[in-house]
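Report on one structure; see the data block that follows.
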Amino acid sequence: ASSSNSNSNNNNNKKKTNGHRKKPKPSGHNARHDHGNGNGHGNGNGNHTTSGFGNGNNTENDTEHHANLGTFRGAFLPSLQSILGVILFLRLTHITSQAGCICTTALLLASTASTLLTWSSLSAIVTNGSIQSGGPYYVISRTLGADVGASLGLLYYSGSILSGSMFVLGVVEAVHCSIRAYYARWGYGFSGHLFWYDSQILSLAIVAATTTCVHFGNRFVVVFSHLFLMVTVLSIVCVLAGAVAFALGIYDGNLQPYDRSPMENLWPRFEPDPFTGVTPDVFSSLALVYPSVTGILNGMSQSHRLKHPSQSIPRGTFWSIVASTGIYLAVCWVVGTTVSNRTLKVDKFVAASLAYPHELIVRAGVVVSALGLVLGCMSTAPNLLSAMADDDVLPCLNRLKENR
């Protein structure tokens with residue numbers, strides 16, 4: 001009798017519980033984390049259910065199968081690669097010529113301080129629970145609610161797409177600067193254009209090629225991203241080695257001895273830009289510096305590939321911030337205290353002119369690393385929309401669901 005009463009009570013409890021929940025979708029849509037007051041993702045009154053995105057009941061098995069990356073490969077390298085972008089090679093030396101080494105250092109440290117605040121907030125959030133596919137959106141939506149998560153997720157998605165466009169334009173500018181330099185050495189003038197609308201056509205071609213690569217070979221993006229980062233690090237080493245050798249007078253690269261002027265760029269010297277005629281100031285310099293340190297969320301975007309996301313993301317992100325800040329400061333001071341102010345303002349790709357043993361290493365390295373960053377943006381941004389579509393937070397994203 002007691003067992004029959006307990007069974008009846010259990011059945012009544014199940015009926016009451018089911019009365020508060022929506023029925024699962026017939027396509028095998030997974031249940032998700034619901035929050036204590038029922039204001040989570042719409043499926044309950046605070047009960048904790050199985051969490052996942054996409055592929056029915058096999059989501060947890062698929063996540064365990066792909067989650068095989070540690071802190072170094074899964075969090076540190078992606079974040080470091082996204083921070084060491086085209087700004088380091090094409091803009092940092094020009095900013096140093098205008099703002100000076102001391103002011104540029106202050107701008108870099110202020111930007112890094114802002115990044116560290118973001119890192120500390122995200123670290124406090126990611127250590128509170130498990131993380132699935134969706135990266136920043138998943139963490140914020142499970143902590144602050146679906147409405148806040150969706151709004152910030154869309155902003156981060158837009159930022160990733162705009163970063164990708166910046167990297168594409170960086171590739172085009174690196175090609176133009178290289179062609180201009182070679183034309184000048186051969187004694188020919190260069191109008192700045194290879195053909196009509198060359199910047200627009202080359203940009204569209206790069207976007208189409210990277211999109212096709214991600215669509216048909218997304219699993220190889222992580223593998224090739226490490227190769228792209230190695231090329232970037234090699235380019236940085238060549239620039240620093242060439243700058244030190246140029247300062248010692250044992251190597252000139254593609255510069256002249258009169259381009260050597262120690263300690264000329266310590267203090268700000270804001271002058272009209274030789275190409276645009278616009279005179280920058282501290283705030284415009286900060287606007288150019290700040291995007292260079294905003295790639296720390298790339299490691300979180302790979303959260304579904306990490307063995308221990310709650311441990312790997314804080315550690316890997318922190319050390320990527322420290323390493324990238326050290327690299328930026330090293331390039332700023334080594335180049336800024338060696339090359340003359342006028343040369344830094346005229347030659348925006350002076351990093352390649354200083355490179356040792358040959359400038360082509362840096363010129364090709366910048367193009368390759370920028371393409372790797374474009375691939376990273378193309379592969380991580382769609383995961384945000386997919387995660388929001390799986391959570392039914394925006395009706396317009398229902399077509400993107402993995403389960404149809």
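The values are calculated or read from the model by the stated rules, or taken from the named source; none is laboratory data. What you see is a predicted model, and the numbers here were worked out from it, not measured in a lab. When we count neighbours, we look across all protein chains shown, and the Cβ atoms used for this are built from the backbone with ideal geometry, even at glycine. Side chains are part of the model used for accessible areas, which takes the heavy atoms of the whole protein and leaves out ligands, DNA and RNA. Shrake-Rupley method; radii C 1.70, N 1.55, O 1.52, S 1.80 Å.
Probe radius 1.4 Å, ligands and nucleic acids left out: which of Ser312, Ser151 has the largest accessible area, and how do the rest follow? Before the final figure, lay out each step's value.
Values: Ser312 5, Ser151 60 Å².
From most exposed to least exposed: Ser151, Ser312.
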Exercise. Between Leu354, Ile250, Pro314, whose Cα lies farthest towards the positive end of the dipole of the stretch 217-363 when Lys and Arg beta carbons carry +1 and Asp and Glu beta carbons carry -1, centred on the Cα centre?
Worked result: Pro314
Problem set entry | Ordering of 321-330, 244-253 by burial proxy (mean other Cβ atoms within 10 Å per residue, highest first) | 321-330, 244-253
Problem set entry | Magnitude of the charge dipole, the stretch 234-375, Cβ model with Lys/Arg +1 and Asp/Glu -1, debye to 20 | 540 debye
Exercise. With every protein chain kept in the model, how would you rank Asp347, Asp147, Asp273 by accessible area, 1.4 Å probe, largest at the top?
Worked result: Asp147, Asp347, Asp273
Problem set entry | Accessible-area value, Val362, 1.4 Å probe, nucleic acids and ligands omitted, Å² | 0 Å²
For this session: Please report the Cα spread of the stretch 65-114 along all three principal axes, rounded to whole Å, starting with the longest.
Result: 51, 23, 12
Problem set entry | Placed amide H near Leu69: partners under 5 Å, 5+ positions off or other chain | Leu306, Lys307
Exercise. Quick one: what do you get for the stretch 341-404 if you divide its Cα Rg by 2.2 N^0.38 Å?
Worked result: 1.96
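Taking K and R as +1 and D and E as -1, what net charge do the other residues with C-beta under 13 Å from the C-beta of Ser261 add up to? Let's see the in-between values first.
Numbers: positive: Arg260, Arg269, Arg342, Lys345; negative: Asp259, Glu264.
Combined, the nearby Lys, Arg, Asp and Glu give +2.
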